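Engineer: There's a structure below that I have some questions on.
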Amino acid sequence: MNDDKDVNFGWDYAGGMDLKVSTRRGDIAHEILYEDDATKIKDQPMYLGEPIPILRFWIAMFISIIFIGVLLGRAFWMQGISYDKYAALSDRNRLRYEVISPSRGMIKDREGIILADNVSTFDLSVVPIDLPQDAEARNEALGRVARQTGTPISEISSIVDSSIELDQSMILVRDLPYDQAVALKVDLSDYPAFKIESGDKRRYVFSADVSTLSHILGYTGKISPDELLKNQVIDYRQTDLIGKVGVEKSYEEFLRGVPGERVIEVDAYGHEKRIIHETQAINGSELILTIDGELQKKTEIALKRGLEMAEAKHGVAIVMDPRDGAVLAIASWPAYDNNIFAGKVSSTIYASLVNDEDKPFLARAWAGLYPSGSTIKPVYAVAALSEGVITAKTSIVSTGGIYSGSHFFPDWLAGGHGVTNVRKAIAMSVNTFFYYICGGKDSFVGMGVLKMGEWLRRFGFGSVTGLDIPGESDGFVPTPEWKEERKNEKWYVGDTYNLSIGQGDLLVTPLQIALSTAEIANGGHKVTPHVFYNSSSTVSDDAIADNGYVETVRLGMRDTVTVGSGRALANLPVNVAGKTGTAQWSSEKPNHAWFTGFAPFDDPEVVVTVLLEQGDEGSRTAVPVVKEILQAWLGIRQRLD
């Protein structure tokens, strides 16, 4: 093909001038020839097609400027204004945060004997953000954990799904046996989200043998949503353990310690590369209790023996120092081994305890409610002396009981006790004397229900004592207003008579009886029961009543042991004072048996209060338990001296 062509368009241009365009294929420039004799122009460049219209050009420029502006603005937003946010997201992808749990503080008795410590365990933890994003793969991973640990898949999924901090390690399964931990480490090696960690669990050293310690010490358990909400400012996690009951709960902050933190850099697959930062945990503080472990054990043995002799199943024994309220031993029976709550909790065992009709979880010493029986009489005696209703020499003739209208209120002794003053009334538990001083009779004006209630509350009845263990009941002191509102009945003098001997609607805890006994033993000064050991604790200067009136009652309680219903305690090496009680609570079942007392009489160091539910008669069944406890206390006291 000939590439050179001359084309003559035959146009008449500019006054008859012929235009001849000479082109060569492949050339950019074309030769334009004008065949006019006067003009010939060569080598002028020429472009075919129209240029871009000016409007379209400016529209394109405007769009480009906007696009570039958006890109620059977005970059400025991400790199400037929102830098912290996106930096955090970036760090979240490459950093993992592990909480280093502190070891829980040990609990010891007053002699330094360990009651609760920790043992090493293996735990399986998970970082939720590192789990597979695919639902099927995720379920497969969680299913492996469920199968190997015997944990329901629903429980494992619930923990993971409810996680708040997805990039933080959280305990998924606690207390793994060694073989199981090794198997999991191998089986889950393809999943960097899972990790076997060393941890620890609580061990209650003597609770298997001295199970009454369980109510005092309590136990730890997984934090609940409500507890997490209340403690969120203290940096708890949703899988952390927390004190549930006992001193584990009341001294949680003291025992827990301060968690540490480890920041780890990971690769795109979640595998650990290096530790960026680490803050060591601060272990919990050591808690020293006023409890004497040896005395607690002997108190439990004495209580169980007394229950067996009385053919009863439930009871309480309390040993307290009246000088400052320190609790030396406090046993509620039945009890349980709180080691079952350390590590994995067997749902079967837990359910059996919860449903047990004997209520082993009930700390009867401070949460059980009972009619006081005659153990309340020393309080009324102090009140009547203080109010001027009687003096130490006032005598009343007991003939076997008194009438109020057609209702007869008996003494426990048929025919009565004869001429009775306040000391004899306490020693022999003469009901008639207390009917008179509380409710009055004929021309004798008693205190009346309002004054009785006032003095009961002074001695700590009707409210919690302040024991530093949670779950304390406040008891109940009835009033005329309460009876009218609750029962739609008026308050009668017969109600006052019943109240005067610890019957009727009055409800107390054994700890309240022990406290009132301590306050009479120490001369009428308020104390607060406690189990946290503080060597500086002393009796309060806050006096409940005049010491002279209290001393009269103390002498009456001493007479209980020398000539009254507590004579079985008269042959101990120390002088004992006290008060027996027999509380009616059912017309079909045996009475509750009480005794509360203190020793030595001249300089009291110990109060012992015993209640045997359905134990029948305090002088017969409760007094032997008190005697055995006092003998144990004397042996320990002599050894320590």
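Engineer: Tell me which residues, restricted to the stretch 126-174, are in contact with a strand residue (DSSP E or B) (Cβ under 9 Å, 6 or more places away or on another chain), of a type in the set (Gly, Ala, Ser) and assigned to a helix (DSSP H, G or I).
Structural biologist: ALA141
Engineer: Against the condition surrounded by fewer than 20 Cβ atoms within 10 Å (Cβ to Cβ), among the polar types (S, T, N, Q) and in contact (Cβ under 8 Å) with a residue 12 or more places away in the chain, how does SER169 come out, does it pass? Before you say what the answer is, go through the steps one by one.
Structural biologist: Working: surrounded by fewer than 20 Cβ atoms within 10 Å (Cβ to Cβ): no; among the polar types (S, T, N, Q): yes; in contact (Cβ under 8 Å) with a residue 12 or more places away in the chain: yes.
Criteria not met by SER169.
Engineer: Being free of Cβ contacts under 8 Å to residues at least 60 places away in the same chain, under 29 Å from GLU252 (Cβ atoms) and either assigned to a loop (DSSP other than H, G, I, E, B) or not assigned by TED's automatic domain parsing to the domain that holds GLN584 (or both) narrows it down to one of ASP474, ASP468, so name that one.
Structural biologist: ASP474
Engineer: Criterion first (in contact (Cβ under 8 Å) with a residue 40 or more places away in the chain and under 30 Å from TYR97 (Cβ atoms)) does ARG262 satisfy it?
Structural biologist: For ARG262, the condition - in contact (Cβ under 8 Å) with a residue 40 or more places away in the chain and under 30 Å from TYR97 (Cβ atoms) - is met.
Engineer: Is it the case that the stretch 175-182 has a residue that's of a type in the set (Ser, Thr, Tyr), farther than 24 Å from VAL327 by Cβ and in contact with a Lys or Arg (Cβ under 9 Å, 6 or more places away or on another chain)?
Structural biologist: No, the stretch 175-182 has no match at all.
Engineer: Determine which single condition ASP209 fails, assuming it passes every other condition in (1) of a type in the set (D, E, K, R); (2) closer than 14 Å to GLY105 by Cα; (3) more than 17 Å from the chain's Cα centre (by Cα).
Structural biologist: It fails just one condition, (2).
Engineer: Still on this structure, I have one more. Can you give me the number of residues within the stretch 488-506 that are of a type in the set (Ser, Thr, Tyr) and over 17 Å from GLY462 (Cα atoms)?
Structural biologist: 2
Engineer: Looking for whichever is touching a Ser or Thr at 6+ places or on another chain (Cβ under 7 Å), more than 30 Å from LEU634 (Cα to Cα) and among the hydroxyl-bearing types (Ser, Thr, Tyr) here; the options are TYR380, TYR336. Which one fits?
Structural biologist: On the way: TYR336 fails: more than 30 Å from LEU634 (Cα to Cα).
Result of the check over TYR380, TYR336: TYR380.
Engineer: Further, regarding this structure: Any residue at all in the stretch 584-607 that is of a type in the set (Phe, Trp, Tyr), surrounded by fewer than 24 Cβ atoms within 10 Å (Cβ to Cβ), at pLDDT 95 or above and assigned to a loop (DSSP other than H, G, I, E, B)?
Structural biologist: Yes: one or more hits.
Engineer: A follow-up question, please. Taking the condition of being touching a helix residue (DSSP H, G or I) at 6+ places or on another chain (Cβ under 7 Å) and part of a helix (DSSP H, G or I), how many residues in the stretch 538-583 meet it?
Structural biologist: The qualifying residues number 14.
The values are calculated or read from the model by the stated rules, or taken from the named source; none is laboratory data. Just so it is clear, the structure is predicted and the values come from calculations on it, not from any experiment. Note that each Cβ is placed from the backbone with ideal geometry, even for glycine, and that neighbours are counted across all protein chains shown.
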